[in-house]
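First up is the structure itself, then whatever we jot down about it.
The values are calculated or read from the model by the stated rules, or taken from the named source; none is laboratory data. Note that the coordinates shown come from a computational prediction; the quantities given were computed from them, not determined experimentally. Cβ placement follows ideal geometry from the backbone for every residue including glycine, while neighbour counts extend to all protein chains displayed. When the accessible area is computed, the model is the full protein with side chains, heavy atoms only, and any ligands, DNA or RNA have been set aside. Shrake-Rupley method; radii C 1.70, N 1.55, O 1.52, S 1.80 Å.
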Amino acid sequence: MNEETLRPYKDCSLLLKSLGITPHSLTVYEMAFTHSSCNGMNRAIHEDYERLEYLGDSLVGLVVAELTYIYHPEMEQGDLSILKAQFIRTESEAHYALSLHLDDYIRFGTSFTQPAKEAVHVLEDVFESFIGALYLDQGREIAYAFVRKKKKKDIAE
């Protein structure tokens with residue numbers, strides 16, 4: 001990826017260190033923070049977070065489904081589905097991204113002009129892509145435990 005075409009960004013190894021993550025591959029995390037606006041500028045495809053987002057979304061959905069099932073035995077299937085949707089909606093995922101300061105590490109092409117903190121759909125995507133990167137780099141158990149720890153308190157209430 002041509003670094004000259006990107007807006008300035010922070011080195012994600014700082015974030016990983018703050019979260020106690022020792023990466024096996026820093027590249028997968030860099031990809032998790034790369035917005036698709038970088039593709040056109042670099043005449044590339046799949047050099048962004050979208051595929052990782054797909055993977056992370058599935059893991060987050062599984063964890064939230066399990067936690068809602070465990071912590072809300074009084075609910076029937078339909079109510080559990082509604083509750084699950086509340087915890088995986090755009091605003092909820094964006095909140096988690098901001099609480100982890102993921103917005104500080106997003107790499108945008110110059111065509112993207114909105115501040116990261118205000119781009120809720122991007123924040124949602126980056127949270128999920130970060131989870132996907134964590135899954136690939138650290139394994140299912142660590143990624144699962146990470147999501148579970150982040151979501152458990154909110155869902156248990």
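A few comments on the model shown:
- With respect to the conditions (1) under 13 Å from the mean Cα position of the chain (by Cα); (2) of a type outside the set (Lys, Arg); (3) farther than 28 Å from MET75 by Cβ, PHE127 falls short on a single one, namely (3).
- Residue within the range 138-154 that is in a loop (DSSP other than H, G, I, E, B) and open to solvent by 60 Å² or more (accessible area, probe 1.4 Å) present: no
- Considering only residues in the range 22-48 that are at pLDDT 90 or above and open to solvent by less than 20 Å² (accessible area, probe 1.4 Å), the one that is farthest from GLY132 (Cα to Cα) turns out to be PHE33.
- Top-ranked residue of the range 64-86 - restricted to ones that are assigned to a helix (DSSP H, G or I) and of a type in the set (D, E, K, R), ranked as farthest from GLU128 (Cα to Cα): ASP79
- Any chance ASP48 is without any contact (Cβ under 8 Å) to a residue 60 or more places away in the chain and touching a Pro at 6+ places or on another chain (Cβ under 9 Å): no
For every residue, the table says whether it meets (1) open to solvent by less than 20 Å² (accessible area, probe 1.4 Å); (2) touching a Ser or Thr at 6+ places or on another chain (Cβ under 9 Å).
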{"residue": "GLU50", "(1), (2)": "no, yes"}
{"residue": "LEU55", "(1), (2)": "no, yes"}
{"residue": "VAL63", "(1), (2)": "yes, no"}
{"residue": "GLN77", "(1), (2)": "no, no"}
{"residue": "ALA85", "(1), (2)": "no, no"}
{"residue": "ALA97", "(1), (2)": "yes, no"}
{"residue": "HIS101", "(1), (2)": "no, yes"}
{"residue": "ILE106", "(1), (2)": "yes, yes"}
{"residue": "SER111", "(1), (2)": "no, yes"}
